[in-house]
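Novice: Encoded as structure tokens, here's the structure I'll be asking about.
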Amino acid sequence: MFRSLHMKLMLIMTLLIISLMTVVGAFLVNSVSGFYLNQFYTQMQSVFQNDADFYHDLENAAADEENGAEQIAQMLRTHTGDLGVDGITRNYYVLDGVTGSPLAGSTDAGTAALELTYNLSAALSGEVGDGSDISLDYMDVAIPLTRGGQRYVVYIRDNKQTVQSLTGQLVTLILEALGFGILISVLLSFLLSKTLITPIERLTEGAEEVAAGDFSQKIEVDSRDEIGVLTATFNDMAHQLESTLQEVENERNKLDTLFLHMADGVVAFSREGDIIQSNPAAEEKLGRALPIGGGVGYDALFGDIAPLEEALEPGSQGYVAASLEQGERSLELLLAPFDKDHQGGVLVVIHDVTEQHRTEEMRKEFVANVSHELRTPLTNIHSYAETLVDSSGALPQDTEQGFLNVILSESERMAHIVQDLLTLSRFDSGRSELNLTEFSFADAIESMINANLLEAQRHGHTLTTLLEPGLPQITADRERVTQVMMNIVSNAIKYTPDGGQIQVSAGMAGTDTVWLEVADNGIGIPSQADRERIFERFYRVDKARSRESGGTGLGLSIAKEIVDQHRGDIRIVEKETPGLTIRVELPVEGPRHDKA
């Protein structure tokens with residue numbers, strides 16, 4: 001019955017009127033009672049305490065007085081107006097001050113026994129009894145007197161009949177007003193509820209339409225009050241909700257596209273371990289099909305790495321990290337629960353870290369190589385220097401000179417290693433800028449040949465050149481290009497057995513590229529694996545022979561960095577004859593004109 005908003009509003013208004021009238025009635029009744037109580041004691045105080053002559057006359061007895069109680073009663077009778085004594089509701093009594101027995105009074109019942117009240121007890125004890133209590137059905141005051149050597153008590157008592165009569169009339173008036181108030185409140189609440197409920201019902205109908213997915217309904221706004229504002233806001237909300245749902249749909253489509261084409265693999269499992277979603281990257285990285293609801297489950301894929309219960313409750317970290325080797329691939333797994341409050345499942349993100357592992361291995365190998373390359377000359381320098389110190393003046397001069405030559409040679413070797421490392425560091429940090437100038441490619445080759453001719457002759461090599469006529473001017477960093485050619489030719493001289501043949505050739509490839517080839521007839525690089533890594537830092541095919549020849553393993557790495565900066569190409573030329581041929585190609589117009 002009271003589920004209707006109409007009835008609720010009517011009930012609220014009715015209860016409000018009843019509550020209000022009840023509070024007002026109680027306040028009025030208490031106020032009337034309190035007023036009469038205060039008036040009674042104020043009236044008594046003005047007669048007995050403020051009128052000193054009257055109180056003196058009550059205690060002053062004549063010499064031949066025989067009945068003091070009657071005299072007191074007679075004097076009280078002359079002040080009935082001041083005391084408010086009417087003989088019906090309010091009376092006065094003269095009592096024996098010792099026994100409390102009535103001696104005289106304002107009525108015929110004045111000598112009847114009286115109830116021993118608190119105030120009367122106080123007066124019999126010699127104190128004025130004027131205590132008040134609104135909860136009692138009477139008001140009284142008791143004044144002790146001594147007249148003619150006798151003790152008396154003047155006792156005034158009011159039975160509150162006047163107060164009770166007035167209170168009854170007041171309650172009747174309140175009840176009548178309450179009846180009219182309830183009738184008016186029912187009528188007003190009915191009209192008010194109709195005014196409020198009609199637009200709310202429209203809003204309810206509109207909300208049902210929106211809940212059903214129909215956003216085209218627009219509720220008419222009939223007023224500018226709060227209900228009208230609410231209706232207008234609802235219309236705006238419906239429009240905004242339609243736009244938001246469209247945006248959500250677009251975002252979901254974007255996420256679906258991202259999910260399907262993201263590089264990392266993602267597999268979602270239910271709490272039972274069944275696949276509920278996966279993307280192609282996950283199938284590609286795991287190397288198997290992942291059908292939804294198929295026979296492949298969590299235990300078959302990742303059960304050995306982390307049990308399903310552990311993945312669902314990963315602890316304070318919130319996820320479980322693991323790794324998986326899949327063939328030649330290294331995979332990192334992140335297993336985390338999703339939607340735990342609604343009994344969700346486990347989401348597994350698969351990240352391929354094969355290249356990172358390879359890079360880390362190369363870094364470790366690089367650090368190990370640098371440490372080894374620097375430790376070897378440092379050890380030699382320390383050993384020879386220690387021998388010189390321990391045998392100072394005891395070694396032949398030739399031996400000492402030889403030791404010093406070794407120390408100098410190893411120092412120069414360390415300087416070369418450090419210089420090469422600094423060069424590579426500048427390349428890696430991007431701080432090495434090319435100083436581009438225009439110069440003759442043929443002249444640069446001739447200068448490089450002349451610089452290496454004596455070293456080639458020392459090893460008994462035959463160093464020849466074969467240059468195509470008409471080599472052009474090129475735009476490049478001449479110092480860097482010369483360093484590339486020097487590194488290649490120096491390697492050919494070092495790693496070709498004495499008495500070998502080394503040929504330097506150069507020419508044009510089309511109209512915009514020059515090339516240089518350095519070919520020797522040494523042992524070459526027979527292994528394909530070695531040929532693929534020849535340009536890596538510190539990589540050597542024959543490590544023992546490389547160190548004997550003073551090589552650092554960085555020459556070809558530096559050459560490749562320089563050629564790459566010029567947007568050129570450096571590679572090994574495949575050939576059937578023994579030896580090794582390295583080819584360098586550079587753009588004629590320089591790297592700034594290269595479009596690659």
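Novice: For the Cα atoms of the chain, what angle does the longest principal axis make with the long axis of helix 441-458, in degrees from 0 to 90, nearest 10?
Specialist: On a 0 to 90 degree scale, this one is about 70.
Novice: The stretch 149-262: percent of C-alpha pairs farther apart than 25 Å?
Specialist: Numbers: 4063 of 6441 pairs.
For the stretch 149-262, the share of Cα pairs beyond 25 Å comes to 63 percent.
Novice: Another question, if that's okay. Just want to confirm a number: the relative contact order over the chain, from Cα pairs under 8 angstrom separated by 6+ residues, in percent. Walk me through the intermediate numbers first.
Specialist: Numbers: 795 pairs, mean separation 41.7, N = 596.
Normalised by residue count, the contact order of the chain is 7 percent.
Novice: Nearest 500 deg cm²/dmol is fine: what mean residue ellipticity at 222 nm does the chain get from its DSSP H runs of n ≥ 4 alone, each adding -39,500 (n - 2.57), divided by its residue count?
Specialist: That calculation yields -17500 deg cm²/dmol at 222 nm.
Novice: Still on this structure, please answer the following. Find, to one decimal place in angstroms, the Kirkwood hydrodynamic radius of the stretch 1-139, where the mean of 1/r is taken over every pair of different Cα atoms and then inverted. Display every interim value, and only then the final one.
Specialist: Values: mean 1/r = 0.0538 Å⁻¹.
Kirkwood radius, the stretch 1-139: 18.6 Å.
Novice: Which order do the peptides 156-163, 455-462 come out in when sorted by mean C-beta neighbours inside 10 angstrom, highest first?
Specialist: Numbers: 156-163: 19.2, 455-462: 14.6.
Top to bottom by mean Cβ count within 10 Å: 156-163, 455-462.
Novice: Relative to the longest principal axis of the chain, what angle (0 to 90°, nearest 10) does the C-alpha long axis of helix 68-77 take?
Specialist: Roughly 70 degrees, rounded to the nearest 10.
Novice: Compute the signed sum of charges (Lys and Arg +1, Asp and Glu -1) over the other residues within less than 11 Å, Cβ to Cβ, of Q356.
Specialist: Details: positive: R358, R363; negative: E332, D352, E355, E360, E361.
Once positives and negatives cancel, what remains is -3.
Novice: Amide H of T465 versus every other amide H placed in the peptide plane: which residues, excluding those fewer than 5 positions away on the same chain, fall under 5 Å?
Specialist: Answer set, sorted by chain and number: V504.
Novice: So, one more: Across all directions of projection, what mean area in square nanometres is found for the Cα convex hull of the chain?
Specialist: Values: hull surface 285.3 nm².
That works out to 71.3 nm².
Novice: Could you work out the local net charge near V94, counting Lys and Arg as +1, Asp and Glu as -1, over the other residues with Cβ closer than 12 Å to its Cβ?
Specialist: Values: positive: R77, R147, R151; negative: E70, D96.
Value of the local net charge: +1.
Since every read-out is calculated from the coordinates, none of them should be taken as a lab result. Everything numeric here is computed off the predicted structure, so don't read it as measured data. Here Cβ is always computed from backbone atoms with ideal geometry, including for glycine, and neighbour counts include all displayed protein chains.
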